[in-house]
Amino acid sequence: MFQQALDPVAGSPTVSALVACLPLLTMFITLGVLRWKAHYAGLTSVAVAILVAIIGFKMPVTLALHSTLNGAAFGLYPIAWIVVTAIFMYMITVKSGRFNDLRATFNLLSDDLRIQAILIAFCFGGLLEALAGYGAPIAITGAMLMALGFSPVRAALAVLLANTAPVAFGAVAIPIDTAAQVTQMDPRLVSSVAASQTFLLAIFVPLLLVLMVDGFKGVRQTFPVALPIGIAFAFASYFTAQSAVYQLTNVFASLAGLLTAIIILRFWQPPEADRVKEQLAAELERARESGLAAAVQEDETPDASELTPARIWMAVVPYILVIFIFGAAKLVGPLKAAIDSTTISFDWPGLAGQILRPDGSPYPVTFKLDLIANPGGQLLLTGILVAIIYRMSVADTVKTFTETLYNMRFAILTMASVLALAFVMNASGQTLSIGNWIAGVGAAFAFLGPVLGWLGVFVTGSDTSSNALFCALQKEAAMQAGLDQLVMVAGNTAGGVVGKMISPQNLAIATTAVGLSGQESLLLRKVVWWSIGLLLFTCIVIGLQATGFLDFSIPAHPYV
């Protein structure tokens, strides 16, 4: 039996937290400074985490190794499985030739690549995040942007940035429900406050996307449509989050943003679309010359005038199927119950009953095999249905799937190693030690609390997992410091939102989607400053809420 401790190293919370940071520092240094490939960085960080668990946190060797295997298994299933099936579905559309029609369909709305980045990465990505989550939006929209003419690096950066504001309510608001469950709070109140904390972020993400694509000149030229899209998304998110259907926040927000875009673009188009297209084409050519665009689509996009209603329908049918299948599986009660009944849960061998939390409660080590309920199973079903609709042969469909697996082999290893790292740090108490140390700063915790959510998502790649780790700690620390408990619990979700773009797991997903496997360090160096900047902004907003300066944005509640 092993019991986690908050200060196992020299009896000092500070020293214990610093030692617990060693695996994370290893990841940052090997990936961001030494520029190792992500799977090498991940495996090295796992080794450091195991040593810290055994030597520093006194975890038995067998439990440390079992935790490593448990995490690696979770990285393979469901995480890697979801991404593999998402890429498989996308590749079906490419090999059938229908994806070129989809590119032309977006040109019907606007041939401006800046606007298409918003529509695909932000609006459509938000809709996918609402229903699937777990990296599927990054995989699908990253491949879509690259095929539209973005260089692989810029496509990956764009979707990582866009996959921020929707994360809090991803996968039918699972992060919100998790936060409410571990803190015994009303999920609608958690939802409402989380939406208020990400409100400004949602407004400005479309403008930040344009800034990333075309600089400040692009922002000036596109703000008449980019800003209203963000405003529509933010307000729809804010009001839906306070309702009984808060689980559908991203659905209504994404559709509101898309509808706003359609209305405005019927009467107005940004200037200099051709200039942007030429600049991105030149960047794409440089990427090809440097070997960073091997997987770029070579086919010409059909002229929009050539499209018939039937071709448009066939181009969008895969994504209609995604929305229909995921929506039905999550929102139709009897169907959801039938699907959930197929899930098999079991305690991980060698860990069950062997680990206690610092308060003496059992540490959960349940593993789920939800082959149908899992987004990966539903994406696989979607891909097969799309192949049937597109009349692809069984041989070509199977070949597409096996090629996807082969091309993703290193990304799969990265995901397994990153989740192994997370599970070892969590089971040994390393993550809790870091959180306990940050929570001990008193009133300053109002501004530092979101850092815990950011850190949790960096380690696990999931806002849900981050909330499971830290929300109870957020509530306790807020009570001790005399801060608003609800604000700090919701703030863990908001902090995690801006940490998703630098998680090694999501970097691996993005690089795989755009054909840049092994270039995760390149993406990390380019996106980390965006993440830190947005984290500072989030910390200020939540700090002002927790200390009473933004009381008007918080509903009345008993958690004070």
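For (1) surrounded by 20 or more Cβ atoms within 10 Å (Cβ to Cβ); (2) under 21 Å from Arg154 (Cα atoms), each residue gets a yes or a no:
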site	(1), (2)
Ala195	yes, no
Thr198	yes, no
Arg220	no, yes
Pro224	no, no
Unmet requirement for Ile55, which otherwise passes all of (1) of a type in the set (A, V, I, L, M, F, W, C); (2) free of Cβ contacts under 8 Å to residues at least 60 places away in the same chain; (3) touching an Asp or Glu at 6+ places or on another chain (Cβ under 7 Å) = (3)
query = Say we look at region 461-509 and pick out the residues that are among the acidic types (Asp, Glu) and assigned to a helix (DSSP H, G or I); which of these is surrounded by the fewest Cβ atoms within 10 Å (Cβ to Cβ)?
reply = Glu476
ask   = Given the structure, is Ile87 in contact (Cβ under 8 Å) with a residue 12 or more places away in the chain, farther than 30 Å from Phe267 by Cα, buried (at least 23 other Cβ atoms within 10 Å of the Cβ) and out of contact with any Gly (no Cβ under 8 Å at 6 or more places or on another chain)?
value = yes
query = Among all residue pairs at least 6 apart or on different chains, which show Cβ distances below 6 Å where the first residue, located in region 62-79, is more than 16 Å from Phe346 (Cα to Cα) and the second is of a type in the set (Lys, Arg) and surrounded by 23 or more Cβ atoms within 10 Å (Cβ to Cβ)?
reply = none
Evaluation of Glu476 against (1) among the charged types (D, E, K, R); (2) modelled with pLDDT of 85 or more; (3) over 20 Å from Ser45 (Cβ atoms) (one fails), failing number = (2)
task = Pick out the one residue from Phe122, Phe106, Phe88 that is of a type in the set (Phe, Trp, Tyr), modelled with pLDDT under 85 and in a helix (DSSP H, G or I).
result = Phe106
note = From the option list Val459, Val497, single residue qualifying as of a type in the set (Val, Ile, Thr) and under 18 Å from Pro187 (Cβ atoms) is Val497
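Here is a yes/no grid of residues against (1) within 23 Å of the chain's Cα centre (by Cα); (2) surrounded by fewer than 24 Cβ atoms within 10 Å (Cβ to Cβ); (3) modelled with pLDDT of 90 or more; (4) closer than 22 Å to Ala139 by Cα:
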{"site": "Val19", "(1), (2), (3), (4)": "no, yes, yes, no"}
{"site": "Phe28", "(1), (2), (3), (4)": "yes, yes, no, no"}
{"site": "Val46", "(1), (2), (3), (4)": "yes, no, yes, no"}
{"site": "Ile55", "(1), (2), (3), (4)": "no, yes, yes, no"}
{"site": "Thr62", "(1), (2), (3), (4)": "no, yes, yes, no"}
note = Conditions (1) touching a Phe, Trp or Tyr at 6+ places or on another chain (Cβ under 8 Å); (2) in a loop (DSSP other than H, G, I, E, B) -> Thr68 fails only (2)
task = Might you check whether a residue that is of a type outside the set (Phe, Trp, Tyr) and more than 24 Å from Leu486 (Cβ to Cβ) occurs anywhere in region 239-253?
result = yes
request  = Answer with yes or no whether Leu369 is within 25 Å of the chain's Cα centre (by Cα), surrounded by 13 or more Cβ atoms within 10 Å (Cβ to Cβ) and within 22 Å of Ala468 (Cβ to Cβ).
outcome  = yes
inquiry  = Name the single residue that is surrounded by the fewest Cβ atoms within 10 Å (Cβ to Cβ) among those in region 241-267 being among the small types (Gly, Ala, Ser) and more than 28 Å from Asp111 (Cβ to Cβ).
reply    = Ala244
key: Residue count, region 409-451 (criterion: polar (S, T, N, Q) and over 24 Å from Phe57 (Cβ atoms))   = 1
message = I'm trying to understand the selection: among the residues of region 270-299, which are assigned to a helix (DSSP H, G or I) and modelled with pLDDT under 85?
response = Ala287, Arg288, Glu289
request  = Give the residues of region 126-143 that are under 15 Å from Arg154 (Cβ atoms) and modelled with pLDDT of 85 or more, sorted by residue number.
outcome  = Ile138, Thr141, Gly142
request  = Hand me the list of helices (runs of 4 or more DSSP H) wholly inside region 328-435 holding 1 or more residues that are without any contact (Cβ under 8 Å) to a residue 60 or more places away in the chain and in contact with a His (Cβ under 8 Å, 6 or more places away or on another chain).
outcome  = none
query = Restricting to region 215-256, what's the tally of residues that are assigned to a helix (DSSP H, G or I) and either under 23 Å from the mean Cα position of the chain (by Cα) or among the aliphatic types (A, V, I, L, M) (or both)?
reply = 28
key: Looking only at region 511-558, and only at residues there that are among the hydroxyl-bearing types (Ser, Thr, Tyr) and part of a helix (DSSP H, G or I), the one that is surrounded by the fewest Cβ atoms within 10 Å (Cβ to Cβ)   = Ser553
ask   = Among the residues of region 267-288, how many are out of contact with any Lys or Arg (no Cβ under 8 Å at 6 or more places or on another chain) and within 17 Å of Val153 (Cβ to Cβ)?
value = 8
Filter result (on the phi > 0 side of the Ramachandran plot and either in a helix (DSSP H, G or I) or in contact (Cβ under 8 Å) with a residue 24 or more places away in the chain (or both)) within region 142-189 = Gly149, Ala171, Val172, Ala173
inquiry  = Every residue in region 30-44 that is assigned to a helix (DSSP H, G or I) and buried (at least 17 other Cβ atoms within 10 Å of the Cβ), please.
reply    = Thr30, Leu31, Gly32, Ala38, His39, Tyr40, Ala41, Gly42, Leu43, Thr44
key: Residue ID - farthest from the chain's Cα centre (by Cα), chosen from residues in region 74-131 that are more than 28 Å from Leu421 (Cα to Cα) and β-branched (Val, Ile, Thr)   = Thr105
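Okay, residues lined up against (1) in contact with a Pro (Cβ under 7 Å, 6 or more places away or on another chain); (2) at pLDDT below 95; (3) among the aromatic types (Phe, Trp, Tyr); (4) over 16 Å from Ile203 (Cβ atoms):
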| residue | (1), (2), (3), (4) |
| --- | --- |
| Thr222 | yes, no, no, no |
| Gly230 | yes, no, no, no |
| Phe239 | no, yes, yes, no |
| Leu248 | no, yes, no, yes |
| Ala253 | no, yes, no, no |
| Ile262 | no, yes, no, yes |
| Trp268 | yes, yes, yes, yes |
message = Just to be sure before I move on: is Arg154 among the charged types (D, E, K, R), surrounded by fewer than 24 Cβ atoms within 10 Å (Cβ to Cβ) and at pLDDT 90 or above in the structure I sent?
response = yes
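The values are calculated or read from the model by the stated rules, or taken from the named source; none is laboratory data. Just so we're clear, the structure is a prediction, and the values are computed from it rather than from any experiment. FYI the Cβ positions are ideal-geometry reconstructions off the backbone, even for glycines, and counts take in every protein chain you see.
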